[in-house]
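Report on one structure; see the data block that follows.
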Amino acid sequence: MTHSRRAPATMRHRWLWSTGWSPSQCSLTALRLPKPLPPSCNSGSSPLPDWLGGSNRSTTSATISSSSRLARYMNIQLSQPGFGGADRASPVRRHPQVAELLTNGQPAPAAIDDFLANHAFPLVEPGAATFAWRGAADHVDLLRWIHAGERAHFEPVSGTDLWLLRLPVTDGGRFEYKLAIGRNGGEEWILDSLNPARARDPFGENSECRTYGYIRPEWSEPRGAPAGRIEAVEVRSTAFGERREEQVYLPAGYAAERPYPLVIIHDGQDFVSYADLSVSLDNLIEVGDIPPVVAALVQTRDRMGEYAHGRRHARYLVLELLPVLQSRYRISEDPEDRIVMGASLGAVASLSTAFRYPGVFGGLVLQSGSFILDERKLEQRPHPVFHRIARLVQALRRAPQVPGARAFVSTGELEGLAEENQALANFLRERGINVLFKSAWDGHHWHNWRDQLRDGLVWVLRREQEQER
């Protein structure tokens, strides 16, 4: 029987956290945290830090299902006040609109009404973003899942129910966040109702802050390009002892008379749902940024087990999926026209497959890979998946070089593994691979991977441009 490709929520929570994906608590529409956390739910012997909820702020087992219990898979701790940088952003210099509101001291309720109704939030300016929330609360915090996690505190406007926070930011970037509203010893995590910008992932939505100068790539939005189609393909897998149903993107006007480049995309269905993959491909193909491609949208129920172990998965892709695609579609026989792509653990699986089967794939797109190149960092990442990845990297160091291959490596500067991805780019260059590395002021998020999609595909698919230069 062909099985479902979507994992249960608990399983996906675990692989999400163990690979550096944004914590699922950030992706819940609302999360209530009313009472103290049972000791059994914490990461072990040490109590939950007071600063996780702020002074005397209590949490419950609900926190653990989406935060602390999952965080320990990556040994993540939310940074204490004053350590992450956000806390130092209390409004010393005010946004001009805030300064105007507070010119005469305590604003009247009607003035606050007008202020909130007539401005888009957050208030964005070069180098800073100002957030607002209105209501009765014991505390209001902004939660950003960047680096090791950050909690920034809003300040109440004296004599009112208005709360304000001014954060220093980097221009031209974005981040995702939730608001933590504390009342009566509990806490509720919610979307920012004043900010309509949202970013979806497999667990819901986050609010999205777009800093000064950030513009969503126009090629990622519908603009009337001829649409490709997505159809199902069944693969009988002896590697996994089951039948798998994969999805395949075919470009508009696909015709069997000509060969097409192939892009195998790990978690491809999620790329379609949360990173606007299909519309991006349609647009990039229409304007000629990339040639028409066939894209296999690979999905698995067990990312952490299948991708990190690698051997069976690589055999499945090369010896089972690829022959099915070749029998059904006109796929180019040139390795330079075969690309394998993935984000997070999907990047690990992509690199592992390419090295296990040299000469099959000539291009790699590796986004925010969950790599460990410096084994000393395993002390901060004790989960076994990272030890397996570290052993994989050691094996790759002994593998033959792959001259002629091309790789695009990207990361978010706000990720916990940003330095590791830069090190990965250098490692691949040492292995004879032609590498383009790019980073953005963003986190471990689908929109980050969407925004860098064009650069990656153009790099690995348009070799003739380099030859012309």
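Just a few scattered comments:
- For the pair Leu319 and Ala255, the difference between a 0.36 nm per residue extended length and the Cα-Cα distance amounts to 20.6 nm.
- Computed label-point distance, nm, for sites Gln422 and Asp334 using a 7 Å Cα→Cβ extension: 3.5 nm
- Residue-count net charge about Ala256 - beta-carbon cut-off 12 Å; Lys, Arg +1, Asp, Glu -1: +2
- Scattering profile of the range 402-457 at q = 0.15, 0.20, 0.30 Å⁻¹ [log10 I(q)/I(0), Debye over alpha-carbon scatterers]: -0.41, -0.69, -1.15
- Directionally averaged projected area (convex hull, Cα atoms, the range 86-213), nm²: 8.2 nm²
- Two-decimal Rg/Rh across the range 200-338, once Rg and the Kirkwood Rh are taken from alpha-carbon atoms: 1.00
- Across the range 218-468, the mean sequence separation of Cα contacts (distance under 8 Å, 6 or more residues apart), normalised by length, yields a relative contact order of 18 percent.
- Dividing the convex hull volume of the alpha-carbon atoms in the range 218-468 by its residue count gives 119 Å³ per residue.
A short reminder: the numbers here are calculations on the coordinates, not readings from a lab. The structure displayed is predicted, hence computed values, not measured ones. Note that we place each Cβ from the backbone using ideal geometry, even for glycine, and neighbour counts take in every protein chain shown.
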